[in-house]
Amino acid sequence: ILDLKKQALLINKLKFSLTNDQIKSLNEINKDLYSSNKMFRLLQGDVGSGKTIVSLISAFNTINSGFQVAMMAPTEILAKQHFKLAKEIFPENLKIDFISGKSDYKSKKEILSRLSKNKIDIIFGTHAIFQKKVNFKNLGLIIIDEQHKFGVNQRKKLSDKGGDNCDILLMTATPIPRTLTMTIYGDMDLSIIR
């Protein structure tokens, strides 16, 4: 169940107001998250249009419904930026972590153990997130930034970790013509932030 009160508290804490397109996209994503169908949505918007904030609010709502979230970015720098922003805006009681290929063995092992026991609400990282050893207890949403930098197999591997009902949100700053979107992504819904 979507907790609009918690969502409003989070949005009110931001140092800026959401634009109409951000609110519209968030509502479209929320509708998908709380429907019985699996979400497969592409969030498109220029760099700086606010895709990340929309996706983080969606992640927050997913966590409040009792699920884990994985957010994957193509580079460590980008993944760390998202991680930092989440730490700034999310309440302190949320368990947030970060994993990458460069994480040392000991901390990686500890993170993997906590993930599998549902002791991490949201994990940020690079392709390290979809490696075989990474298991989630209750993955409900996968967010992939700059999704075109990942192959179909990589997306599928990550998606499989969430099982049949795991929702997927892809983000891109590359405008994809509607006809091409239909050809490549077929059953994907599209939200656009202008």
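Since every read-out is calculated from the coordinates, none of them should be taken as a lab result. Just so you know, these numbers come straight off a predicted model, no measurement behind them.
Suppose a student asked you for the relative contact order of the chain, using Cα pairs under 8 Å spaced at least 6 residues apart; what percent would you report?
Numbers: 318 pairs, mean separation 62.7, N = 194.
Over the chain, the number comes to 32 percent.
Which of rounded, prolate, oblate describes segment 66-178, given a ≥ b ≥ c as roots of the alpha-carbon gyration tensor eigenvalues and a/c under 1.5 marking rounded, otherwise prolate only if a/b is larger than b/c?
Numbers: a/c = 1.43, a/b = 1.31, b/c = 1.09.
Rounded, since a/c falls under 1.5.
Pop out the Kirkwood hydrodynamic radius of the chain from its pairwise C-alpha distances, inverse of mean 1/r, in Å to one decimal. All intermediate terms of the calculation are to be shown ahead of the outcome.
Details: mean 1/r = 0.0598 Å⁻¹.
One decimal place: 16.7 Å for the Kirkwood radius.
Tell me which aspartates and glutamates have Cα within less than 19 Å of residue 15's Cα, excluding those fewer than 8 residues away on the same chain?
88, 92
Among the complete DSSP H segments of the chain, which ones combine at least 18 Å of alpha-carbon extent along their axis with a mean Kyte-Doolittle hydropathy of 0.0 or more? Walk me through the intermediate numbers first.
Values: long enough: 20-33 (19 Å, -1.18); 51-64 (20 Å, 0.87); 76-89 (20 Å, -0.17).
Answer set is 51-64.
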